[in-house]
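The values are calculated or read from the model by the stated rules, or taken from the named source; none is laboratory data. Owing to the predicted nature of the structure, the values given are computational and were not obtained by experimental measurement. Every residue, glycine as well, gets a Cβ built from its backbone with ideal geometry; the counts of neighbours run over all protein chains shown. The area values use the complete protein model at the heavy-atom level, side chains included, leaving out ligands, DNA and RNA. Shrake-Rupley method; radii C 1.70, N 1.55, O 1.52, S 1.80 Å.
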Amino acid sequence: MDDLEQAILLASDSPAAASASPAVREEALAFCARARDESPPSSLLRLCLSGLASSPHAHVHFWCLQSLHDALIRRRIALPDDLALLRSSLLSLASASNAASPPFLRNKLAQLVALLVRLDYPHVYPSYFLDLLPPSPPQPGPTDMFARVLISLDDDLLSQDYPRNADETADACRVKDAMRAQCVPQIARHWHDAAATLGAVDPPTAAVALDAARRCISWIDVALVANDVFVPLLFDIALSPASAAPLAAAAVGCLSAVAAKRMDARAKVALLRSLLSAQQGLGSPDSGLKMASLVTTYAVEALACYRKLGPSDSDGAAALEMLEEVLPAVFSAAESCYEEDVDSGSVLEFLAGYVSTMKAPSEKQLGHLGRILEVVRQQMTYDPVYRGHLDVLDKIGKEEEDMMSEQRKDLVALFRNICRVAPAATQQFIKGLIVSALQSAEATVEDVEVTLTLLYRLGEAVSEEEIRTGSGLLGELVPMLLSARFSCHSHRLVALVYLETVTRYIKFMQENVQYVPHLLAAFLDERGIHHQNSHVSRRAGYLFMKAVKLLKAKLVPYLDTILQSLEDVLGQFTSMDWANKEAKLSSSEDGSQIFEAVGLLIGIEEVSPEKQVQCLTALLHPLCHQIESLVVGAKAQGLEESSPRVTSLLQIVVALNMVTKGFNERLVMVTRPTIGVMLKKTLDVVLQLLVSFPNVRSLRSKVISFLHRMIEILGISVLPCIPIALRQLLVHNEAKDMVDFLVLLNQIICKFNSSASGILEDVFPTIASRLSVILSQDAFSTGPAGNTEEMRELQDLQRTLYTFLHGMVTHDLSTILLAPTCRQYLETIMQLLLFTSCSHKDILLRKACVQIFVKLIKDWCTTSKADDKLPGFRVFMIEKFATGCCLHSVLERSFDLRDANTLVVFGEIVMAQKVMYERFGEDFIVNFVAKALPEAHCPPELAEQYYQKIQGNDIKAFRSFYQSLIEKIRQQQNGSLVFR
């Protein structure tokens, strides 16, 4: 043993190991492992028992206990004599345990004894607990050891808080049943005696004894604890100022376990009544502070009884009375939820449940709801420690904001429920908060923020009609909000929530136009767009734009005031240093929304034509002049993608684009044509950027966006500008650029129909020549390489191309494909469409291609071959499309007829066959019925039925028949044919 003892000390963190070399420690570890794993079980047992008896070192004792535990778990120690020796030795050690020995040794010994209990209690050795139960009066050492055994047994076997397998569950039931039958009453008396005797002289030991009791209450007879002797003792310990904190917490834990004991509702009511009788002051705020978990558990259980029994039942009514008696303590506990021993989640869950039981609250309940609202307010309030971080929104501030956002979810749900059951009381509560915040020069950022947040959430809980009419106290609250200027308004948090809350109540101004000037001031002064914080300022611009959309004509009388107030901000936007990190924000809050708001205001028809022209001129001329100046300078010095000039140009084009959102085609082309002329001149200026700098990709993207907008509102008058723009956009055009180009063309097609034919005929050859190379059939990898960014761009381009072609044929522009300059690309286009319609993995693209073919048949073919517009197209459709797409592709197992999108494509394929039969007649029948179907092993009788069905007028019946035909052919083939 001496060699092993030395090795254990060297392998552990003992003082002897500190001076040893790594090599020596490695050798010691290996020696210990061999002793543990290679020694015969009986030898290992005796070796470890010898070490426990003779060594003075705690590290050696721990190694011996751990080795015995491992051997027992692996069933290496299995002989009856060995087990009996181990049992007697461990029980002797436990009984003689000294409370002064290290806790880690006592815990390990307890764990080992608990494992023995699991293995052979009561069938092998029924006296474990009787042997371990300390004699009266309890002494610290044995009491502590006994409690640790029970705690280990609970952790490792008995507790239902952890998942257990079937064997563990069976063992737990066996141990519990035996203990209940043999020794639980004696153990309960011991807990009482330990708490009473050791509470003053050895509080830690008394606390661990009560912790063991708490763990067992859920499965023992509750009367052994819930009685006239034990409960008063627990209350005395919990409430006594002299009790050590761990001991008081253990007593509260026992009382909470008693209250939570599962039983019949009526029995639970009686139990709760007995607890209330034992401690008359259970509902006092002091009890809430000292026994938070108990009062919360008590309230939860009383509420559950009330819900189960109902208000008409006497016990149910009694449960509600007891619940309301302890509510002051619950509120006190809830308001101290920052304390570690208070489970805020349980408190909130109870409060939410309590509020949900209310229908028409009484005066008493309204008082309770006021306290709950105060709890909500407190728990939604930020910690002042993070004030600075939240203002600059650094990493710490962002983390705190995210955490509070998550924490507030349940609180907001509770607040909404209170708004539902007591709207007047809720509004009165919020009014009190606002008045207090406005009157106090020392109102903190946190208090003002949570007040405004609650007012915002109130706006979510009431209807739009209530906001419009100022129902209840809203008629007072909204004007107070609009005129509010808090001492801490400069803080980011306060300013943002203020603006969001103002926006929430904008509809109030629809019925109360006298408050519109107050609303405008809130957005336009230092509380909003002119706030010192750029994040706040730009958010204010975005929210102001939303306000303009909603109020529109009601703002016309204030147009001059608004424009004068925004003059400096509009100028700053296009002159800002956007390369500065501080200036970069999300696209939804980059400040450009102010231009949209101004455009919306100017574009209101209630504004006179003269005023519109005046305002628009003042807005557009400086921006256009800036573009012209920047273009001249850039031509002289060159223009790089990342240069400040590009950034400035981008912002100017964005601003112009935003302004035009306030206008529509009817206004600028019919009722106010002068505005149309102004916008057309602006477009000419913007298109200079494409002519001068076609290779600056970011600039090209913004110009395309502006061109989209001009096409929408200028209509046919913009057509002369388009060819120049399109030619420039085709310079150095890559796959992702071609997507933008085709989307623009598609808009032109949809907007102008046949009027765009000349434009399309001009650019189509260039488009076709480029795309025929980019989108060749073998350009798309199906392996891992198919998931690259480049491949995704190609796939996006392919989808956009089919949308473009679909737009062409559905807007009567298919003749462009037959033009002399375009006809040379027809073969490539047809093959691409055929390949996609037959085998593309995107089923919706297949649908689009089938629809394109159907429209081409209708446009280019008649019932007479001589009148076909494209020679050879009829043969291509009969021999390639009909056979490949309409038959072979649908026979493949990958064509899943149970999928909804696939069935839509199938319907298009059926329609294509009808159209081909109508236009191609017997030529189609000869190839499809006499040749293609037999080659697919279609029975002759089914082919004959197909011929009969396709001649009918009932498309639904034909579709149903063709689906059954495909399914029958599939069954016959049994997957043996592969067509492509």
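Using beta carbons and a limit of 8 Å, which pairs, at least six apart or on different chains, have the first residue in the stretch 724-739 and aliphatic (A, V, I, L, M) and the second one open to solvent by 80 Å² or more (accessible area, probe 1.4 Å) and part of a loop (DSSP other than H, G, I, E, B)?
VAL731/ASN695
Report, by residue number, each residue of the stretch 897-910 that is without any contact (Cβ under 8 Å) to a residue 60 or more places away in the chain, surrounded by 13 or more Cβ atoms within 10 Å (Cβ to Cβ) and not hydrophobic (A, V, I, L, M, F, W, C).
If the condition is that a residue be without any contact (Cβ under 8 Å) to a residue 60 or more places away in the chain, surrounded by 13 or more Cβ atoms within 10 Å (Cβ to Cβ) and not hydrophobic (A, V, I, L, M, F, W, C), then ASN901, THR902, GLY907 are the ones that fit.
Across the stretch 431-462, what is the total count of residues that are part of a loop (DSSP other than H, G, I, E, B) and open to solvent by 50 Å² or more (accessible area, probe 1.4 Å)? Give the derivation first.
So the first thing to find is which residues in the stretch 431-462 are part of a loop (DSSP other than H, G, I, E, B), and the list is 440-444, 462.
Add one more test, that the residue is open to solvent by 50 Å² or more (accessible area, probe 1.4 Å), and what stays is 441-442.
Residues flagged as part of a loop (DSSP other than H, G, I, E, B) and open to solvent by 50 Å² or more (accessible area, probe 1.4 Å) within the stretch 431-462 amount to 2.
Take ASP167 and decide whether it is touching a helix residue (DSSP H, G or I) at 6+ places or on another chain (Cβ under 8 Å), part of a helix (DSSP H, G or I), at negative phi and acidic (Asp, Glu).
Judged against the criteria, ASP167 is not a match.
So which of ASP81, ASP120 is modelled with pLDDT of 90 or more and open to solvent by 30 Å² or more (accessible area, probe 1.4 Å)?
None of the other options fit; the residue is ASP81.
Being touching a residue at least 12 places away in the same chain (Cβ under 8 Å) and under 43 Å from the mean Cα position of the chain (by Cα) is the requirement here; does LEU656 meet it?
yes
Among ALA260, ALA267, ALA212, ALA195, which is the only one that is open to solvent by 10 Å² or more (accessible area, probe 1.4 Å) and in contact (Cβ under 8 Å) with a residue 24 or more places away in the chain?
ALA260
So, in the stretch 490-503, exactly how many residues are out of contact with any Lys or Arg (no Cβ under 7 Å at 6 or more places or on another chain), within 10 Å of LEU452 (Cβ to Cβ) and free of Cβ contacts under 8 Å to residues at least 60 places away in the same chain?
Residues flagged as out of contact with any Lys or Arg (no Cβ under 7 Å at 6 or more places or on another chain), within 10 Å of LEU452 (Cβ to Cβ) and free of Cβ contacts under 8 Å to residues at least 60 places away in the same chain within the stretch 490-503 amount to 5.
For the stretch 279-297, state whether one or more residues are surrounded by 20 or more Cβ atoms within 10 Å (Cβ to Cβ), modelled with pLDDT of 90 or more, closer than 26 Å to PHE230 by Cα and in contact with a Lys or Arg (Cβ under 8 Å, 6 or more places away or on another chain).
There is no residue in the stretch 279-297 that is surrounded by 20 or more Cβ atoms within 10 Å (Cβ to Cβ), modelled with pLDDT of 90 or more, closer than 26 Å to PHE230 by Cα and in contact with a Lys or Arg (Cβ under 8 Å, 6 or more places away or on another chain).
Considering only helices (runs of 4 or more DSSP H) fully contained in the stretch 665-730, which possess at least 2 residues that are within 17 Å of CYS624 (Cα to Cα)?
On the way: elements: 673-692, 697-714, 722-729.
In the stretch 665-730, the matching helices (runs of 4 or more DSSP H) lie at 673-692, 697-714.
Pairs please, first residue from the stretch 281-295 and touching a residue at least 24 places away in the same chain (Cβ under 8 Å) and farther than 17 Å from PRO232 by Cα, second anywhere and of a type in the set (Val, Ile, Thr) and surrounded by fewer than 24 Cβ atoms within 10 Å (Cβ to Cβ), Cβ atoms under 6 Å, 6+ apart in sequence or on different chains.
Pairs found: ALA292/VAL342.
Which of the residues belonging to the stretch 133-145 are in a helix (DSSP H, G or I), touching a residue at least 60 places away in the same chain (Cβ under 8 Å) and either surrounded by 24 or more Cβ atoms within 10 Å (Cβ to Cβ) or within 43 Å of the chain's Cα centre (by Cα) (or both)?
Filtering the stretch 133-145 for residues in a helix (DSSP H, G or I) gives 140-145.
Those left that are additionally touching a residue at least 60 places away in the same chain (Cβ under 8 Å): 140, 143-144.
Those that are in a helix (DSSP H, G or I), touching a residue at least 60 places away in the same chain (Cβ under 8 Å) and either surrounded by 24 or more Cβ atoms within 10 Å (Cβ to Cβ) or within 43 Å of the chain's Cα centre (by Cα) (or both): THR143, ASP144.
Specify which of the listed residues (ALA242, ALA226) is closer than 17 Å to MET291 by Cβ, open to solvent by 60 Å² or more (accessible area, probe 1.4 Å), touching a helix residue (DSSP H, G or I) at 6+ places or on another chain (Cβ under 8 Å) and not in a helix (DSSP H, G or I).
Of ALA242, ALA226, the one residue that is closer than 17 Å to MET291 by Cβ, open to solvent by 60 Å² or more (accessible area, probe 1.4 Å), touching a helix residue (DSSP H, G or I) at 6+ places or on another chain (Cβ under 8 Å) and not in a helix (DSSP H, G or I) is ALA242.
Read through the list (1) at pLDDT 95 or above; (2) farther than 23 Å from SER88 by Cα; (3) not basic (Lys, Arg), then give the number of the only condition that ALA166 fails.
ALA166 satisfies every listed condition except (1).
Which ones in the stretch 2-47 are modelled with pLDDT of 85 or more, more than 29 Å from LEU85 (Cα to Cα) and more than 52 Å from the chain's Cα centre (by Cα)?
Of everything in the stretch 2-47, those that are modelled with pLDDT of 85 or more, more than 29 Å from LEU85 (Cα to Cα) and more than 52 Å from the chain's Cα centre (by Cα) turn out to be ALA23, VAL24, GLU27.
Of all the residues that make up the stretch 817-841, how many are surrounded by fewer than 20 Cβ atoms within 10 Å (Cβ to Cβ) and not in a loop (DSSP other than H, G, I, E, B)?
So the count comes out to 12.
For the stretch 631-664, enumerate the residues that are among the aliphatic types (A, V, I, L, M), outside any loop (DSSP other than H, G, I, E, B) and farther than 22 Å from MET545 by Cβ. Steps first, answer last, please.
To start, the set of residues in the stretch 631-664 that are among the aliphatic types (A, V, I, L, M) comprises 631-632, 634, 636, 639, 646, 649-650, 652-656, 658-659.
This time we only want the ones that are outside any loop (DSSP other than H, G, I, E, B), so: 631-632, 634, 636, 646, 649-650, 652-656, 658-659.
Matches in the stretch 631-664: VAL631, VAL632, ALA634, ALA636, VAL646, LEU649.
Under 9 Å between Cβ atoms, at least 6 apart or on separate chains: pull out the pairs that start in the stretch 936-964 with a residue that is without any contact (Cβ under 8 Å) to a residue 12 or more places away in the chain and end on any residue that is outside any helix (DSSP H, G or I).
That search, which allows pairs on different chains as well, returns nothing.
Give just the number: which of (1) within 20 Å of ARG709 (Cβ to Cβ); (2) open to solvent by 70 Å² or more (accessible area, probe 1.4 Å) does GLU640 not satisfy?
Single failed check for GLU640: (1).
Mind checking which residues of the stretch 247-265 are part of a helix (DSSP H, G or I) and closer than 19 Å to ASN227 by Cβ?
Of everything in the stretch 247-265, those that are part of a helix (DSSP H, G or I) and closer than 19 Å to ASN227 by Cβ turn out to be ALA250, ALA251, VAL252, GLY253, CYS254, LEU255, SER256, ALA257, VAL258, ALA259.
Any residue in the stretch 100-116 that's in contact (Cβ under 8 Å) with a residue 12 or more places away in the chain: show its pairings with residues that are basic (Lys, Arg) and buried (at least 23 other Cβ atoms within 10 Å of the Cβ) at Cβ separation under 8 Å, as long as the two are six or more apart or on different chains.
Partner pairs satisfying both residue conditions: ARG106/ARG148; ASN107/ARG148; LEU109/ARG148; ALA110/ARG148.
So which residues in the stretch 604-630 are open to solvent by 10 Å² or more (accessible area, probe 1.4 Å) and either assigned to a loop (DSSP other than H, G, I, E, B) or among the acidic types (Asp, Glu) (or both), if there are any at all?
Those that are open to solvent by 10 Å² or more (accessible area, probe 1.4 Å) and either assigned to a loop (DSSP other than H, G, I, E, B) or among the acidic types (Asp, Glu) (or both): ILE604, GLU605, GLU606, SER608, GLU610, GLU628.
Are any residues in the stretch 389-411 of a type in the set (Val, Ile, Thr) and modelled with pLDDT of 95 or more, and if so, which ones? Give the steps one after another, and end with the answer.
Narrowing the stretch 389-411 to residues of a type in the set (Val, Ile, Thr): 392, 396.
The one that is of a type in the set (Val, Ile, Thr) and modelled with pLDDT of 95 or more: ILE396.
If ASP211 meets every condition in (1) part of a loop (DSSP other than H, G, I, E, B); (2) under 30 Å from PRO122 (Cβ atoms) apart from one, which number is that one?
All conditions pass for ASP211, except number (1).
Determine which member of the set VAL355, VAL342 is hydrophobic (A, V, I, L, M, F, W, C) and modelled with pLDDT of 90 or more.
On the way: VAL342 fails: modelled with pLDDT of 90 or more.
After applying the criteria, what remains is VAL355.
Kindly check whether there is at least one residue in the stretch 863-871 that is under 45 Å from the mean Cα position of the chain (by Cα) and hydroxyl-bearing (Ser, Thr, Tyr).
Taking every residue of the stretch 863-871 in turn, none turns out to be under 45 Å from the mean Cα position of the chain (by Cα) and hydroxyl-bearing (Ser, Thr, Tyr).
When you look at LEU844, is it part of a helix (DSSP H, G or I) and crowded, with 20+ Cβ neighbours inside 10 Å, yes or no? So that I can check it myself, show each step before the final result.
Working: part of a helix (DSSP H, G or I): yes; crowded, with 20+ Cβ neighbours inside 10 Å: no.
When the stated conditions are applied, LEU844 does not pass them.
Which of the residues spanning the stretch 938-980 are modelled with pLDDT of 90 or more, open to solvent by 60 Å² or more (accessible area, probe 1.4 Å) and either of a type in the set (Ser, Thr, Tyr) or not in a helix (DSSP H, G or I) (or both)?
Result: GLN951, ASP954, SER960.
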